[in-house]
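First up is the structure itself, then whatever we jot down about it.
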Amino acid sequence: GLERGAKNQFSTFSNFITTINQKKEGIGNRNSPTQLVIPNIKNGKRTKAVCYLVTNLRRCSVFCQYLDDVEKAKSSGDWKAVHDFYSTTFDSFLEINAAFKKDTNSPFNTIEDSGINAKFVNVVYDALLNTPQDVQKSVLKGIINGLLQEWKGPRTKDDLRAYCILLQNPQFSNTSTYVIYAHLLRQIAALTEADHHFLVHWSKKISQKRFKQLVDRLLQFISLRLFPAKPEEFPPMVKCTWWIPSATKVLALFNAANSLNSPSIISYTDFYNSTLDHIDLMEEYHNWQCYGNSHRFSFCQYPFIISIAAKKVIIQRDSEQQMISIARQSLVDKVSRRQKPDMNMLFLNVKVRRTHLVSDSLDELARKRADLKKKLKVTFVGEAGLDMGGLTKEWFLLLIRQIFHPDYGMFTYHKDSHCHWFSSFKCDNYSEFRLVGALMGLAVYNSITLDIRFPPCCYKKLLSPPIVPCDHNTLVGICDVTLDDLFQIMPVILTSTPLLLQVFQEEFGVIKSYNLKPNGDKIPVTNQNRKEYVQLYVDFLLNKSIYKQFAAFYYGFHSVCASYALLLLRPEEVEILVCGSPELDMSALQRSTQYEGYQKTDLTIRYFWDVVLGFSLDLQKKLLHFATGSDRVPVGGMADLNFKISKSETSTNWLPVAHTCFNQLCLPPYKNKKELKQKLIIGISNAEGFGLE
C-alpha cells in the first residue's frame, strides 16, 4: 500500500513514527489513546497499510504507557494509574476487547486468528498478582459485572474473545475466587457448539506454558471441589452441583484443541486428574452405562480426564463382574442338572504340552470360548505344580516368543523400528491370528504384561470400532492411516519414485502386483496424483493387504475384552495395558523390592542398588527384561511387579539367575561392588537364549 502512495509519503510517515515514540508528547492520558495526533499525509490519502500501522502504533503506545505506569507505581507506591487501568479494562466485555484486541476496527471472526494481543494479555496478567489488593479486587469486581450482563441474542465474537481472555486470569488459581470462576466456566460451558468451535481453535494458539497453566488450573478446581481442604470456603455441594460438570466441559475444549494440534501442545497424560482415582469409579461407570451422554453427568463421558490407572481399575472390576457372573451361571447349570459342582468350573483351565504349545493353546481356547472371561489357570501336561501365577506368566512368555519368531511367518520384524507387523501372506486359516488377539485380551483381563512390540497404529486399528458391530458384514480394524503411521513401522520405505499406481509384494518367493485403484497398472504416477498414490499405498499396506489377518486378531482380542470400558481408552492406553509403560523409575523399584535371604541393609544389596541406579537407561531396561521378561512397567507402577531379590548360595563365580515367571532375581553374595557390577552386566547383556527359567 505504501508503494502505491506518494514518494514523499515515507518521510512524512517517518516523522509520524518519531512523534509516536515521543511518549511524553504523543500520548495523553492512558485512558484516551485516541488523543494521539496523527500528522496529515499528503493529498489526504491514507492507504490500508498506513491505517494498520496507525492502529498498531496506538496500541503500542498503550502498552508502553501501561509498563511505564507499573514501573512508576513500584517506585513511588502510588498505584492510582494502574488501578484505573485494571478497573476500566475489566469492567465489561467491551472494554476487554478495547484493550486487548489487536485492531478494534477489524472483526477477527475466523477460527484462524482470535485477534487477541496475547503478549499484552500475558504482561497484564503477570503483573496483576504483584499489585495491591484493591487493584486485584477491582479486576474481580469488573469480571462479576461482565458475567452479570443480561444477554440478548447469540454471543458475538467479541464476547468469545472476552471469555478466552478471562479464562487466562491467574487469580482463578486462588480458592477465594472459585465462586466467580465457577460462573465464568458455567457460561462458557453453556455456549453453542459453533461458539465452542471458535474457542477450541483459538486455544490452539496459546503458548505451551500458558496452555498447561490453564489445564492445571481447571484440574485443581475439580480436585478441590471434590476434596476441599477447607470445606467452609465453598458453598454446600448440593447448591453447586454444576461446578464440576462446567469445569469438565471447558476442560474438554482444551483437550479438543490439544488433539487437533500436531504435534499436541501438551501430553494427553497432562489431562489426567489423579484425584479421580479416589472416587467411586464403578458408580461413575454404571451411571454412564445407564444414562449414556444424557443430562446426568459422569466423568466417563470425558474419559481424557481419567488416568490410565483408574481406567485399569474400571476394566478389571468390570472383568471381575463378568467373570463372577459367568462362573455363577456355570454353577447354577451344574446344580440344575444335579451334577456335583467342581471348583475347576470357576476357571479357564488351559492344559498344554510344551512340545505342541501353539496347537494345544489354539485348541484349548477354541474349545473353551465360553470360559474366556473366567480366571485363567495353566497346566503343563506331565508336570506337577499348582498355577499360582507363575505358570500362567510362563505360558504367555513361551507362546509369545514362539508365535513372534521370524521362522513362524505370522509377523515380520522390522529392525529399523524394532517392532512387528502382520505378514501379508495369504492362507486358508487365520485362526492363529485370532489366538494372538485372544492372548492380548487374556493378558489385559488377567493383568499380565506382554513383551510385544506392535506400532501405535495397531492399537488404533484395534479400537476401530471399540465395540464389536452386531452386523458381521461390517468391516473391522480399518482406520484412517497416514504416512507417519507407516514410517513408525518402516522408516526407510518410499525411498524410490514409483512409476504406476500399483504395488509389488513377495509371497512365498513369488512377486505379485496389486493395483492401488482400478486400472492402476495403466496410470502413471505424476506430481498431480503423487499425494493420492501415497495415501493409497499406505492404506494398502496397513489396511487392505492384511485385512483378514487383522480382522481375526481383532475378533480374538474382543472375544475376551468385549466391554463398554474400551470406549474410555485411547490407542496409547491400550498399548500400555497390554505391554506396560516404557517409563522406568528404579528408585521406586528399590522401595518396593522384597528380599529373601537378604535384608535391604546388607552390603550386597547396597552394592546392587548403587550399581543399578548408576546404570544407563539401556542397562536398566536389560536388567528389567532379564528379571521379569519385559523391559516395561505395569500400569500400577514398579510396585505392581512384586520384584524379589533372593540370596543364591552358589559360588560368587556364578552369574545372577532370573526366574522371570516370578519376577525374581537370584543374586550370589559378591565380595565387592566391582565384581557385582561386572557379573550383573554380563548376565543381563547375554541372557537371550540361555539363563532364563
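Accessible area per residue (1.4 Å probe, heavy atoms of protein chains only) ranks Glu394, Glu71, Glu193 as Glu193, Glu71, Glu394, with the largest value leading. Normalised by the number of residues in the chain, the average gap of Cα pairs under 8 Å and 6 or more apart makes the relative contact order 8 percent. Between 0 and 90 degrees, rounded to the nearest ten: what's the tilt of helix 530-542 against the longest Cα principal axis of the chain? Approximately 30 degrees, to the nearest ten. Annotation: per residue accessible area for the chain equals 51 Å², rounded to a whole number [probe 1.4 Å, protein chains only]. So, in Å, what gap is there between the alpha-carbon centers of the stretch 282-351 and the stretch 386-453? The distance from the Cα centre of the stretch 282-351 to that of the stretch 386-453 comes to 25 Å.
Ellipsoid semi-axes for the stretch 311-364, based on the Cα gyration tensor and the rule √(5λ), read 25, 22, 7 Å when sorted largest first.
Highest average first, the peptides 640-652, 520-532 ordered by how many other beta carbon atoms sit within 10 Å of their residues are 640-652, 520-532. Looking at the square roots a ≥ b ≥ c of the eigenvalues of the Cα gyration tensor of the stretch 89-271, which shape do they give, rounded for a/c under 1.5, prolate if a/b is larger than b/c, or oblate? Judged from the Cα gyration tensor, the stretch 89-271 comes out rounded (a/c under 1.5). Our estimate of slack between Lys674 and Asp521, defined as 0.36 nm per intervening residue step minus the Cα-Cα distance, is 48.6 nm.
Sorting Leu67, Leu442, Leu536, Leu475 on solvent-accessible area from highest to lowest, probe radius 1.4 Å, gives Leu475, Leu67, Leu536, Leu442.
Kirkwood Rh over Cα pairs of the stretch 123-195 into Stokes-Einstein at 25 °C, 0.890 mPa s: D in µm²/s? For these conditions, the coefficient is 186 µm²/s. For the listed peptides 296-305, 357-366, a ranking on the average number of other beta carbons within 10 Å per residue, highest first, reads 296-305, 357-366. One Cα centroid belongs to the stretch 657-673, the other to the stretch 112-153; the line between them spans 61 Å. In units of the compact-protein estimate 2.2 N^0.38 Å, the chain shows a Cα radius of gyration of 1.23. Treating the Cα atoms of the stretch 586-686 as identical point scatterers in vacuum, please give the log10 of the normalised Debye intensity I(q)/I(0) at q = 0.10, 0.16, 0.24 Å⁻¹, two decimals. After summing over all Cα pairs, the log10 values are -0.22, -0.61, -1.57. Taking packing as the residue-averaged number of other Cβ atoms within 10 angstrom, the listed peptides 400-409, 87-96 run from highest to lowest as 87-96, 400-409.
Counting only protein chain heavy atoms and rolling a 1.4 Å probe, the accessible areas of Met343, Met440, Met490 rank, largest first, as Met343, Met490, Met440. Partners of Lys671 within straight-line reach, counting lysines whose Cα lies under 22 Å from its Cα and excluding those fewer than 8 residues away in the same chain: Lys600, Lys644, Lys647, Lys679. Pairs over the 18 Å Cα-Cα cut-off, from the set Lys460/Lys544; Lys351/Lys548; Lys461/Lys517; Lys249/Lys461; Lys102/Lys141; Lys460/Lys622: Lys351/Lys548; Lys461/Lys517; Lys249/Lys461; Lys102/Lys141; Lys460/Lys622. Whenever you get a sec, compute what percent of the accessible area on the chain sits on carbon and sulfur atoms (1.4 Å probe). Roughly 53 percent of what the probe reaches on the chain is carbon or sulfur.
The values are calculated or read from the model by the stated rules, or taken from the named source; none is laboratory data. This structure is a prediction, so every number in the text was calculated from the model and none was measured. Cβ atoms come from the backbone with ideal geometry, glycine included; neighbour counts cover every protein chain shown. Surface areas here come from the heavy atoms of the whole protein model, side chains and all, with no ligands, DNA or RNA. Shrake-Rupley method; radii C 1.70, N 1.55, O 1.52, S 1.80 Å.
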